[in-house]
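Comments concern the structure below.
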Protein chains: 2
Amino acid sequence: MAAVDDLHLTADERLRRDGQRYTANRRALVDVLAASEGPVTIAEVLAAADGLAQSSAYRNLAVLEDAGVVHRLVTADDTARYELAEDLTGHHHHLVCASCGVVADIEVPEVLERHIAALAASTASATRWSVDHHRLDLLGTCPACQAAGS
Amino acid sequence: MAAVDDLHLTADERLRRDGQRYTANRRALVDVLAASEGPVTIAEVLAAADGLAQSSAYRNLAVLEDAGVVHRLVTADDTARYELAEDLTGHHHHLVCASCGVVADIEVPEVLERHIAALAASTASATRWSVDHHRLDLLGTCPACQAAGS
DNA sequence: TTTACTGCAAAGGGTTTGCAACATG
DNA sequence: CATGTTGCAAACCCTTTGCAGTAAA
């Protein structure tokens, strides 16, 4: 069984747990996210999922997010981007273009993750906050914008 | 001379360099940001700077950002927050409440910064991107939301 | 006295929602 | 057939902009 089939099984299961159905539209959204190199905007989703209504894209991505299948994020510009939940793709971080907003996934060395985990622990004990995630973005300029800007 | 006076002198200088004036409204905005514990929303700015028009807040913060005095960021919710530019406050990172969106500043150990710098360098050389900043956020729940949620 | 800045109100753009029709269990 | 889902269009909210009046160099 291919990894994508596993993905659909997991998505189906998580939606049913919420009393939701895993419809063709939702399946198409998961396929689009699984095929992308990094978090994608609604505009990109609509371009890739032909015939899908904008409102359905927003609504279904919200349903998928509630079910823990999808993660929504906002990076540089003020438009949201969506990716598969981290437990489906593995922990990773982002490389963000400050010019056009495009986002690529990057892996981070284990030693750095350990330092961040230590920071999270010491911050939680030094404050009254609870800390349960972290987010590390590298900001720069993507190849396309470098070419366009020069 | 107090640190706040230095801040106003620097702001004045950077605005003039852009052909802009350092007006009472802009001075008030800098005072609000200097007095806050972390990045603040427009709503918070308006509450603190009495009588300031909303459009003036947005416009002046944009002018201050262009001049390199202010930094605009978007974290958890979809509302922008503003803080003084990093060269005025020192390099720091953020502790973000996933529930209400409030943001606190945190310092990070030098060793972690060095690991992040190394990641930035290796990422730049492994891709065609240029990398010039980074952003590390810890995500959790602030004391107020913990109290409200229990 | 020229140029920048202000407040108001209207417009803009991404996102959400009401509703009637449709599809699925 | 009962409930969840869809697409359309209108509403929503944060943010930006046009404009006429005001203030600063």
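Globularity index of the range A:103-145 is 1.53 (Cα radius of gyration / 2.2 N^0.38 Å, N = number of residues). Peptide B:104-111 has a mean shielding of 3, counted as Cβ atoms of other protein chains within 10 Å of each residue's Cβ. Note on the range A:1-83: Rg/Rh from Cα positions, Kirkwood definition for Rh, rounded to two decimals, is 0.95. Applying a DSSP loop filter and a limit of 13 other Cβ atoms within 10 Å to the trypsin sites (Lys or Arg not before Pro) in the range B:90-141 leaves B:R128. Inter-copy label distances for A:A117: 2.6 nm (label point placed 7 Å from Cα along Cα→Cβ; shortest first). Dipole orientation for the range A:2-150: of the candidates A:L119, A:Y22, A:G140, A:Y22 has the Cα lying most toward the positive pole (charges on Cβ; Lys, Arg +1; Asp, Glu -1). Find the centroid of the Cα atoms in the range A:130-148 and in the range A:1-74, then give the distance between the two in whole Å. Each part's Cα centre sits 23 Å from the other's. The longest stretch of chain B left intact once loop-based GluC sites (Glu not before Pro) with at most 14 other Cβ atoms within 10 Å are removed from consideration, loops following DSSP, is B:38-106. Dipole magnitude for the range B:44-120: computed about the Cα centre from +1 point charges on Lys and Arg Cβ and -1 point charges on Asp and Glu Cβ, it is near 160 debye.
With a cut-off of 14 Å between beta carbons, the residues surrounding A:D12 carry a summed charge of +1, where Lys and Arg count +1 and Asp and Glu -1.
Semi-axis lengths, largest first, of the ellipsoid equivalent to the range A:8-134 are 29, 19, 13 Å, with √(5λ) applied to each eigenvalue of the Cα gyration tensor. Whole-Hz Karplus values for the range A:23-30 come out as 7, 4, 4, 5, 4, 5, 4, 4 Hz, taken residue by residue from phi with 6.51 cos²θ - 1.76 cosθ + 1.60 and θ = phi - 60°; glycine and proline positions read x.
Highest GNM mean-square fluctuation among A:S122, A:S36, A:S99, for chain A modelled with Cα contacts below 10 Å: A:S122.
Charged neighbours of B:Q146, selected by a Cβ distance under 15 Å, balance to 0 (K, R count +1; D, E count -1).
Electrostatic tally near B:N25: other residues with Cβ closer than 12 Å to its Cβ, Lys and Arg +1, Asp and Glu -1, net +2. Here the range B:2-150 is assigned +1 on the Cβ of each Lys and Arg and -1 on the Cβ of each Asp and Glu. Its dipole about the Cα centre then comes out at about 440 debye.
Across the copies of the chain, A:R27 has label points (7 Å from Cα along Cα→Cβ) spaced 6.7 nm apart, shortest distance listed first. Its residue count N sets the reference 2.2 N^0.38 Å, and the alpha-carbon radius of gyration of the range A:76-150 equals 1.36 times that reference. Dipole size of the protein assembly as shown about its Cα centre, with +1 on Lys/Arg Cβ and -1 on Asp/Glu Cβ: approximately 520 debye, rounded to the nearest 20.
No value in this document is a laboratory result; all are computed from the given coordinates. Treat the numbers as computed from the prediction; the structure is a model and nothing was measured. All Cβ positions, glycine included, derive from the backbone under ideal geometry; neighbour counts span all protein chains shown.
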